[in-house]
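For reference, the structure discussed in these notes is given below.
The values are calculated or read from the model by the stated rules, or taken from the named source; none is laboratory data. Computed from a predicted structure; not experimentally measured. So basically every Cβ, Gly included, is an ideal-geometry build from the backbone, and we count neighbours across all protein chains shown. What goes into the accessible areas is simple: the full protein's heavy atoms, side chains included, and nothing from ligands, DNA or RNA. Shrake-Rupley method; radii C 1.70, N 1.55, O 1.52, S 1.80 Å.
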Amino acid sequence: MSALIELSGVRKTYRSGTVEFEALRGVDTVIAEGEYAAVIGPSGSGKSTLMNILGCLDVPTEGRYVLAGEDTSSLDEAALAAIRNRRIGFVFQQFHLLASMPAWRNVELPLVYAGVSRAERRERAVEALTRVGLADRVDNRPGQLSGGQQQRVAVARALVTEPDLLLADEPTGNLDSGSTRDVLALFDELHDAGRTIVLITHEPDVAARAGRNLVIDDGLITTDRVRAGAR
Ligand code: ADP
Ligand code: MG
């Protein structure tokens, strides 16, 4: 399969005043279309920094990030925002849903930014909610849903634009064990359907669901393991 993500020599240095901190110290990796990869590592190891770069929310200080053949290194903020909207779906630990809006309105939001017509937005939002098992919840506000259901709304929002890449940062971090099982089962289904997923976690049992585990420690990938018998 062809490469979706290519990172070469990626470094990220944070500066505050005269103090510099190198959060990524030379990351090289390729993730193919259709892979389900977990990035695992202890707190402070650089996982979120890597996620921000993969998600075009931030750019490397040094090195190259090529996404779907497009070198993102030299793009300005407007071009990065367009790539985020077109190619990437995000799921976060905090669901980041708007409390005053029903599920379908939350899900259609990325399509508003993409300039899709109102009628098509509603149709696609309902379709995405159906895919995550919430066809009967489209008109519920987040406060009327369980944590697991809210995270499934967030997954529907991430998928509604048909992104190349689903990026999830600690997506089960705020969920009880039952909801965690639900959300991980949904990710398995999405992977089986061909979706590329990069999941960031510090929990080994969550990482174990992915076909590939990248271990990050102190800003470097220290282990890259394809799991035997992975789905
Ligand atoms: P993780 O997600 O694995 O917990 P992060 O990528 O958030 O780790 O952070 C990696 C390191 O970079 C940590 O030591 C953190 O303190 C530091 N760091 C993260 N963001 C910033 C920032 N904006 N300014 C300075 N240091 C930062
Ligand atoms: Mg983090």
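A few remarks follow.
- Scope region 164-187; condition touching a residue at least 60 places away in the same chain (Cβ under 8 Å), surrounded by fewer than 19 Cβ atoms within 10 Å (Cβ to Cβ) and more than 16 Å from ligand 2 (Cβ to nearest atom); matching residues: 164
- Single match in 173, 133, 115 (criterion: more than 24 Å from residue 5 (Cα to Cα) and touching a His at 6+ places or on another chain (Cβ under 9 Å)): 173
- Of the listed requirements (1) within 22 Å of residue 168 (Cα to Cα); (2) in contact with a Pro (Cβ under 9 Å, 6 or more places away or on another chain); (3) open to solvent by 20 Å² or more (accessible area, probe 1.4 Å), residue 147 misses just one: (2).
- Only a single criterion out of (1) in contact with a Pro (Cβ under 9 Å, 6 or more places away or on another chain); (2) surrounded by fewer than 22 Cβ atoms within 10 Å (Cβ to Cβ) is not satisfied by residue 215, namely (1).
- Filter result (over 16 Å from residue 169 (Cα atoms), open to solvent by less than 40 Å² (accessible area, probe 1.4 Å) and not in a strand (DSSP E or B)) within region 30-67: 34, 60
- Subset of region 1-29 [within 16 Å of ligand 2 (Cβ to nearest atom) and either surrounded by 15 or more Cβ atoms within 10 Å (Cβ to Cβ) or in a loop (DSSP other than H, G, I, E, B) (or both)]: 12, 23, 24, 27
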